[in-house]
Protein chains: 2
Amino acid sequence: MKHVHHTEVELEEPDEQGIKDVKLRWLITKKDGAKNFAMRLFEIKAGGYTPLHQHDWEHEVFILEGNGVTRDKTGEETFEKGDAIFVPGMEWHQFVNTGKETLKFLCLIPYKE
Amino acid sequence: MKHVHHTEVELEEPDEQGIKDVKLRWLITKKDGAKNFAMRLFEIKAGGYTPLHQHDWEHEVFILEGNGVTRDKTGEETFEKGDAIFVPGMEWHQFVNTGKETLKFLCLIPYKE
C-alpha cells in the first residue's frame, strides 16, 4: 500500500503551451504499480488556466479547493469545491481559476483505452 | 461534459457483509461514458468501517474529510485529509473511521485490468 500526503509529492511545472500558472503532482502512477489509471493533483494560481484543448482520453475530475470555470468552444460553466466533472475523450475543455485562492483539483487519466 | 456536485448523487448503502455505517455515491461511471474507471465517494460514520478484504482490482483513494486508519492483516496506519492511498490488487485492506466526524474519501476502481 502506498500512502502519502499530497504535499509530499513533487510539485511539477508542465512544459506545455497555452497554460498559465499551472503545476501538478503525480500522486499515483505506473511507478506505484497502478496499471490502469493515474491520479494527479493540479494546483492553479488565481488567474491561471490549463490549455483549451482536446485529446482522445477522458478526465475524471474532483474539485478540492477554490473556484473556477470549465470552458469549451461554446461557453463556460462555473464549478466549486465538491464538484465531480467528467470530460469524455475528444471533448474540448479548459479549466480556469476565476477565484482569489489557489484552485486545487484531482484529475485522473487512463493509461489505456 | 458531466458536471455535478457530489451531494446531488444518490447516497447508496452497499449490501455487503463485514461493513458498518458505510454509504457511497457513484460520481462517474460507465453510464456517463467512463469506460476505463469509476469514481466513487465513500461516507463512513464515526466508528464505521469497510470490510477487511482483498480482491484482484486496485483502489486509488484520496481522503477528503475526517480521520481514520487503514488496516491489513498485520497492522494499521493512520491517514488524514489530503492523503493519497494506493491499494494494489490482492492486497488486504480495510478503511476505519476512528474520528468523531464523518469520514469522506474518493475511491476509484478500474472497469478492466
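A few comments on the model shown:
- Centroid-to-centroid separation of the range B:1-72 and the range A:7-84 [C-alpha atoms, Å]: 21
- Amide H contacts of residue A:38 (H built 1.01 Å from N, under 5 Å, at least 5 apart or other chain): A:109, A:111
- In this structure, the pairs whose alpha-carbon distance is over 20 Å, taken from A:31/A:112; B:20/B:45; A:2/A:31; A:104/B:104; A:30/A:81; A:73/A:112, are A:30/A:81; A:73/A:112.
- Karplus-derived 3J(HN,Hα), 6.51/-1.76/1.60, for each residue of the range A:47-55, Hz, glycine and proline x: x, x, 7, 7, x, 7, 8, 9, 6
Coordinate-derived values only; no laboratory data. If you're wondering where the values come from, they're calculated on a predicted model, not measured in any experiment.
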